[in-house]
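The structure under discussion appears below in the form of structure tokens.
The values are calculated or read from the model by the stated rules, or taken from the named source; none is laboratory data. Not measured: the values here are computed from a predicted model. Quick reminder, even Gly has a Cβ in these numbers, built from the backbone with ideal geometry, and neighbours come from all protein chains shown. Quick note on the areas: whole protein, heavy atoms, side chains included, nothing else; ligands and nucleic acids left out. Shrake-Rupley method; radii C 1.70, N 1.55, O 1.52, S 1.80 Å.
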Amino acid sequence: MTTFLIRRFIAMVATLFAVSVTIFLMVRLMTGDIISIIFFGDEAATDEQKNLVRKQLGIDGSYYHQYTHWAGRILFHGDFGNSFQSGQPIAPILGHAIHITAELIVLGILIALLFAIPLGVISAVKRDSAADYGARLTGLIGISIPGFWLATLLIIFTSRVFNWLPPLLYVSITSDPWKNFTQFIFPALSISVFTLAIVMRMLRATMLEVLNLDYVRTARAKGVPRRTVLIKHALRNALIPVVTVAGFEVGYLIAGAAIVETIFNLPGVGYNLLHAISQRDYPLIEATTLLIAAVFVVVNTLVDLVYGMLDPRISVAD
Amino acid sequence: MSDKQTESSPLEREVSRRGLLAKAGKLGAGALVAGAVAAPAEAARSKAQRVAKTVPTGGTVTWALEQDPAFIAPFGATLTASRWGNEMMYESLLEWDPKLNLKPAIAESYKVSSKKSIDFQIRKGITFSDGSPVTANDVIYSFNLQAAPPAPGTSAPTSQLPAIDHLEAITPTAVRMHLKQPDARVYGYIAWQRYSSIVPNGIYSTKNMAVDGIGTGPFMLKGTYVSNDHVNFVKNPHYWKPGLPYLDAINFPIITDEQTRLAALRTGQIDGATVSVDGAAAINGAPNVTVLHGLTAAFRELQMTIKPGQTKPWYDKRVRQAVNFAINRANIIKQVYNGYGQYSGVVAAGYGPWVLSDDQLQNKYEKYDLPTAKSLMKAAGVSGFDVTLTTFSTPNDFAAIAALIKSDLSQIGINVSIVPQDTASFGANNSAGAFDWDLTARGMRGDVDGYVAEYHPAAAIYGKWFAGWAGNKTVFRDIGNGRITLDPAKRLPIYQDLNKVLADECLEIGLVSVSKWQVVNTRLKNMYVAFTDFNTGLRNAYVTK
């Protein structure tokens, strides 16, 4: 286990290093920087003035110099720098945003699993029945509907039909849990449908496979109750690939949350990233991307650990 | 579409722009003039009190901002959205009324004391929202920071800054502004207020001005600005305009998605917001909302570069003129803006008397005249050519206008390739002159000079856009004279002449001035669409329930 964790830690550091270099270069290779936004329309601004501001912001030297300066500050001082746009330190901006996105993602995953697991099981157990067709159709729709479209539809629907909208300013779960729930339930629903569909279809396929295996037949022949066979024997094994998929989905959910956060006015990580990209706010883009990559890597490590717990045949030491 | 323009505040106490500039004009002659800008304070106060009795007071308005201000510090080359985030609390020595007439604000009067100096008398008894009096030192401190803005303002707004050399205190409540040279731009720069706020002396060392601030405006900050979330204001109990503001508070949530703003307007969660022309059409007729629209300084134009050492068909003026006459602006207004818009020259339509009239534009300078366009192409010996037109990818109207231009110009043999770019890319290419043709937008300027400054060889951008242009002595002369001619009666003909010459040169081809759309709850009164692109109407707005 220790070896496994050390290996994964090294891989995580390598991944984050690669991500940091890639994103660092990508944002700088995009046409335009914050200077072109600050000075847009200022016909009297000279190149000297622009270069002075570049120097003030630390984007005037070579890429190597800029990268080592930026990475050094993070590594040795834990300082992600200041936003070019607002001048505010990045850490509190992301600290505020990550709460919002984390809550959204957790709620989204919960909604997805809450519906996907029963639907997947029913669909497999009652194969080719009306319930199966219904569940498969739900899965097909879930895969086909873009989250941002559903989010817009929900906003329009609730405002037109019920003359109601979720709160549009962020309310923390500790200050008002019910208001917080009403604020997050619709965006979480919007981002969950794709994951719900994927997990449901995956679970159906694996359940169908597991239900035909010998040990399940043996359990039934021994007189084990049907419910116990389904839940303890079949579902537990069928969930192994589902856990993998759910782990990957966290990354996609963060990406999908960006637009949904904007629609529901939730200033989360994705919301900040979208705005940072349009404003060429390098420090905010880089920090946000690193954060997303770190979450992705950590979640996948956790998935590997859970894998071992679900299936004793798989040892993390291997 | 039913819509209405609300009237301006009943409290407006106008001093005409022309009147004020007429006084300023005497600066050029070196005369000492008492700028009796303010009407007698007592008369105004009693009038205000009479009016205030008829207007309901109290209540809170929630107005959604469509873009995050990023910060609310007053100084530096700030975003328009930054001004949206602080305009309720900051003011300057002068201000504009809704029709761009100059009015006194923090300064109750001014006196032209020499060719290159103006004395401003600070209004008696005026205080900041914390109750501290406004002094000459506050004014000097503020103007110093405008020229050299501290963080988060990263740069002075160079092209907007007039030639202010320095300020000195004459008395504790009067300042003398010394100019490097006579400069007619100074009044508009101050009255626009975008870059000329007055703040307490030393405030940058005591507060985080990115999220906090103190001013003399009708409202003061409640808490601090929260990025990507909100900025809220409450009534300033020390406000100097009698009876104002009517509202107790204004909250500005930041809602960037238009569908969400429209939904929030429907449900009454917000009292007002800016929307697109399509958004306005979508919500029009919904209960409890009123759709407002008005011309703003934002206009669209087609811009061409002329570079040295190259030969392109449009380097021939006749080809540029052909392009101008081949564009059907009426069709653009109809197709892209649902019929709401106006022809624009190089100066934004509606910018006081400094523009060519709509009649002159429609029937002469920007007339849709295909036969003339074809004959000009023929005279230039050009049968057609390919050109790339870069424009913004958002908002949608740019792509729509570009498509119509492409269609129009195909009739005179010009094959236009449209390249949409995001704002940062477009800005980078535009400021580097790395384009052939741009479909771009211009915005508000403190002074008419801001719309034509780039045609002068001394402008930094001239070398990137027009270095290969043979030049036009009339243009150069008019820009120089217009800047230093302080008598508006003499200044106006200079710009009328300049407008015509530039309309003939067609380096930048004015297209259309667009309407701005704002939707308000019917309980919100006295709001209007400000020409400046700010939400100034909220300062004097009130609610009926």
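Here are the numbers for the structure shown:
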{"item": "Whichever lysines have a C-alpha closer than 19 Å to that of residue A:126, once near sequence neighbours (fewer than 8 apart) are set aside", "result": "A:232"}
{"item": "Fraction of accessible area attributable to carbon and sulfur, the range B:80-205 (%, probe 1.4 Å)", "result": "50 percent"}
{"item": "Helical segments meeting 24 Å axial Cα length and Kyte-Doolittle -1.0 threshold in chain B (DSSP H)", "result": "B:488-505"}
{"item": "Accessible-area composition of chain A, carbon plus sulfur, in percent [1.4 Å probe]", "result": "70 percent"}
{"item": "Trypsin sites (Lys or Arg not before Pro) within the range A:165-262, DSSP loop, no more than 10 other Cβ atoms inside 10 Å", "result": "A:222"}
{"item": "Rounded tilt (10° steps) of A:90-125 against the dominant C-alpha axis of chain A", "result": "20 degrees"}
{"item": "Average beta carbon contacts from partner chains per residue of A:27-33, 10 Å cutoff", "result": "4"}
{"item": "Qualifying trypsin sites (Lys or Arg not before Pro) in the range B:65-146, DSSP loop, other Cβ atoms within 10 Å at most 16", "result": "B:99, B:115, B:124"}
{"item": "Solution diffusion estimate, µm²/s, Stokes-Einstein, the range B:80-205, Kirkwood Rh from C-alpha pairs, 25 °C, viscosity 0.890 mPa s", "result": "166 µm²/s"}
{"item": "Residue-averaged beta-carbon neighbours from other chains (10 angstrom radius) around B:452-462", "result": "3"}
{"item": "Compactness relative to 2.2 N^0.38 Å, alpha carbon Rg of the range B:376-428", "result": "1.31"}
{"item": "Model label zone, residue A:182; criterion: amide N under 14 Å from point 7 Å along Cα-to-beta-carbon; scope the range B:253-267", "result": "B:267"}
{"item": "Helical mean residue ellipticity (222 nm; -39500 (n - 2.57) per DSSP H run of 4+; nearest 500) of chain B", "result": "-8500 deg cm²/dmol"}
{"item": "Principal axis dimensions, largest first and in whole angstrom, of the protein assembly as shown by Cα", "result": "111, 70, 57"}
{"item": "Residue pairs, from the table B:312/B:378; B:374/B:516; B:241/B:525; B:374/B:473, whose Cα atoms sit over 26 Å apart", "result": "B:374/B:516; B:374/B:473"}
{"item": "Summed side-chain charge close to residue B:179 - residues other than residue B:179 whose Cβ falls under 11 Å, Lys, Arg +1, Asp, Glu -1", "result": "+3"}
{"item": "Ellipsoid equivalent to the range A:214-280 - semi-axes via the Cα gyration tensor, in Å", "result": "46, 11, 5"}
{"item": "Estimated FRET transfer efficiency when R0 is 56 angstrom, pair residue B:222-residue A:51 (beta carbons, to 0.05)", "result": "0.90"}
{"item": "Nearest-ten-degree value, helix A:2-29 long axis tilted from longest Cα axis of chain A", "result": "50 degrees"}
{"item": "Residue B:523 versus residue B:473: modelled label distance in nm, points set 7 Å from Cα along the beta carbon direction", "result": "6.6 nm"}
{"item": "0 to 90° range, to nearest 10: angle between helix A:282-310 axis and chain A longest Cα axis", "result": "20 degrees"}
{"item": "Estimated Rh, chain B: Kirkwood, alpha-carbon pairs, angstrom", "result": "24.4 Å"}
{"item": "Average other protein chain Cβ within 10 Å of Cβ, residues B:522-535", "result": "0"}
{"item": "Taking all pairs of distinct alpha-carbon atoms in chain A, Kirkwood radius in angstrom", "result": "22.5 Å"}
